[in-house]
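Asks: Before we start, here is the structure in question, set down as structure tokens.
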Amino acid sequence: MKFKLDNGGETTISAGKLVVGVLAALVAIIVLFGSWTIINPGQRGVRITLGSVSDQVFAEGVHMKIPLIQKIVKIDVTTQKLEQQVEAYSQNIQSVNAKLALNYNCKPELVNRLLQQVGMDYEVRLIDPAIQESVKTATAKFTAQELISERHMVKEAIKSELMSRLNTYFVVTDFSLVDFSFSDAYEKSIEEKQIAEQKALKAKNDLDRIKLEADQRIVQAEGEARAIKIQAEAITQQGGQAYVDLQAIAKWNGVLPVQMIPNGTVPFIDLTK
């Protein structure tokens, strides 16, 4: 192969030398760009040498490796959020659907063992099954009514189960029960029970009100009867008719009648005495 020179001459380069030169350039590029890698913030690196996982975990920064022989796998160790729907059963065999949210992160110091023993699909192989089993185990300890009334205790029971199952490679940073729902038949029975309780409470309140009103009337009647009795006793003790006349005099305005009824008498004056 001939090439023209700047001075007008020509030079010849064999095809073999050209191929060797190109290959050397490629090797240089591979060595230059394949001999190091960058671990970004929130990541850890695991070096694999010909299929063997290193005991060393690389932190953030630039790290060297042997091209074509070694590679560094990057694993995210920041907090991850996972939402999942789980169908389970309560202690009294009521179907319950739970929607939950889990925040977790990989333990940075154990990412090499996680990669070696579980693989990069750890969410499918470990976390999803752990959530399913934790919810089912925890909800089976509570009745359907307790799942509603003791929501905080249910949440703590599920979280405890999750932490126990995931503790080897993960840190559970937060856990939330987003929603609990039951079968239509059970929710209808709960609604009917609430309506019945409200009606029973209203009936009890009405009965209490009626009883109170009756008691008030009895007390009032007893008071009136007692007052009449006291008045009657007072009349007897204070002279009978004389007492009645005295009460009438107390109310008289002092004016005598203008006309007298035949054979009538002047009020309060007994002329026969």
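Asks: Anything in the range 42-77 that is within 38 Å of the chain's Cα centre (by Cα) and of a type in the set (K, R)? List them, or say none.
Replies: Once the filter is applied, which keeps residues that are within 38 Å of the chain's Cα centre (by Cα) and of a type in the set (K, R), the range 42-77 yields R44, K74.
Asks: Of the conditions (1) surrounded by 13 or more Cβ atoms within 10 Å (Cβ to Cβ); (2) over 17 Å from R165 (Cβ atoms), E83 clears all except one; give me its number.
Replies: For E83, the exception is condition (1).
Asks: Continuing with the same structure: In the range 115-129, what count of residues is obtained for those that are part of a helix (DSSP H, G or I) and of a type in the set (V, I, T)? It would help to see each step written out before you state the result.
Replies: Let us first name the residues in the range 115-129 that are part of a helix (DSSP H, G or I), namely 115-117, 122-129.
Now restrict to residues that are of a type in the set (V, I, T): 124, 127.
Number satisfying all stated conditions: 2.
Asks: Please work out if P41 is surrounded by fewer than 17 Cβ atoms within 10 Å (Cβ to Cβ), closer than 25 Å to N105 by Cα and in contact (Cβ under 8 Å) with a residue 12 or more places away in the chain.
Replies: Working: surrounded by fewer than 17 Cβ atoms within 10 Å (Cβ to Cβ): yes; closer than 25 Å to N105 by Cα: yes; in contact (Cβ under 8 Å) with a residue 12 or more places away in the chain: yes.
For P41, the condition - surrounded by fewer than 17 Cβ atoms within 10 Å (Cβ to Cβ), closer than 25 Å to N105 by Cα and in contact (Cβ under 8 Å) with a residue 12 or more places away in the chain - is met.
Asks: From V111, V118, V86, which residue is out of contact with any helix residue (DSSP H, G or I) (no Cβ under 9 Å at 6 or more places or on another chain), β-branched (V, I, T) and in the same structural domain as R165 (by TED's automatic domain parsing)? Lay out the reasoning, then the answer.
Replies: On the way: V118 fails: out of contact with any helix residue (DSSP H, G or I) (no Cβ under 9 Å at 6 or more places or on another chain); V86 fails: out of contact with any helix residue (DSSP H, G or I) (no Cβ under 9 Å at 6 or more places or on another chain).
Exactly one of V111, V118, V86 is out of contact with any helix residue (DSSP H, G or I) (no Cβ under 9 Å at 6 or more places or on another chain), β-branched (V, I, T) and in the same structural domain as R165 (by TED's automatic domain parsing), namely V111.
Asks: Evaluate the range 6-23: report whether one residue or more is surrounded by 12 or more Cβ atoms within 10 Å (Cβ to Cβ) and either at pLDDT below 85 or assigned by TED's automatic domain parsing to the domain that holds N112 (or both). Spell out how you get there, then give the answer.
Replies: In the first step, residues of the range 6-23 are kept if they are surrounded by 12 or more Cβ atoms within 10 Å (Cβ to Cβ); the result is none.
No: the range 6-23 contains no residue that is surrounded by 12 or more Cβ atoms within 10 Å (Cβ to Cβ) and either at pLDDT below 85 or assigned by TED's automatic domain parsing to the domain that holds N112 (or both).
Asks: Restricting the search to the range 91-104, which residues are over 17 Å from the mean Cα position of the chain (by Cα) and in contact (Cβ under 8 Å) with a residue 12 or more places away in the chain? Break it down stepwise before answering.
Replies: Filtering the range 91-104 down to residues over 17 Å from the mean Cα position of the chain (by Cα) leaves 91-95, 104.
Q91, N92, Q94, S95, Y104 - these are the residues of the range 91-104 that are over 17 Å from the mean Cα position of the chain (by Cα) and in contact (Cβ under 8 Å) with a residue 12 or more places away in the chain.
Asks: Something else now. Among the residues of the range 87-114 satisfying the criterion of being in contact with a strand residue (DSSP E or B) (Cβ under 7 Å, 6 or more places away or on another chain) and assigned to a loop (DSSP other than H, G, I, E, B), which is surrounded by the most Cβ atoms within 10 Å (Cβ to Cβ)? Explain how you work it out, then say what you get.
Replies: Start the filter on the range 87-114 by keeping residues that are in contact with a strand residue (DSSP E or B) (Cβ under 7 Å, 6 or more places away or on another chain), which leaves 87-90, 94-109, 111-112, 114.
Those still in the list that are assigned to a loop (DSSP other than H, G, I, E, B) too: 90, 94, 107.
Values: S90: 21, Q94: 18, K107: 16.
So the residue we want is S90.
Asks: When you look at K65, is it among the basic types (K, R), surrounded by 11 or more Cβ atoms within 10 Å (Cβ to Cβ), over 30 Å from A144 (Cβ atoms) and modelled with pLDDT of 95 or more, yes or no? Can you show your working first?
Replies: Numbers: among the basic types (K, R): yes; surrounded by 11 or more Cβ atoms within 10 Å (Cβ to Cβ): yes; over 30 Å from A144 (Cβ atoms): yes; modelled with pLDDT of 95 or more: no.
So K65 does not fit the description; no.
Asks: Which of (1) modelled with pLDDT of 85 or more; (2) loosely packed, with under 14 Cβ neighbours inside 10 Å does A138 not meet, given it meets every other one?
Replies: With respect to (1) modelled with pLDDT of 85 or more; (2) loosely packed, with under 14 Cβ neighbours inside 10 Å, A138 is out only on (2).
Asks: Let me ask something additional. What are the residues in the range 138-163 that are small (G, A, S) and either closer than 9 Å to S90 by Cβ or not in a helix (DSSP H, G or I) (or both), if any? Break it down into steps so the answer makes sense when it comes.
Replies: Within the range 138-163, the subset small (G, A, S) is 138, 140, 144, 149, 157, 160.
Hits for the range 138-163 are A140, A144.
The values are calculated or read from the model by the stated rules, or taken from the named source; none is laboratory data. A quick note: this is a predicted structure, and the numbers were derived from the prediction, not measured. Because the Cβ atoms are built from the backbone with ideal geometry, glycine has one as well, and the counts that use them run over all protein chains shown.
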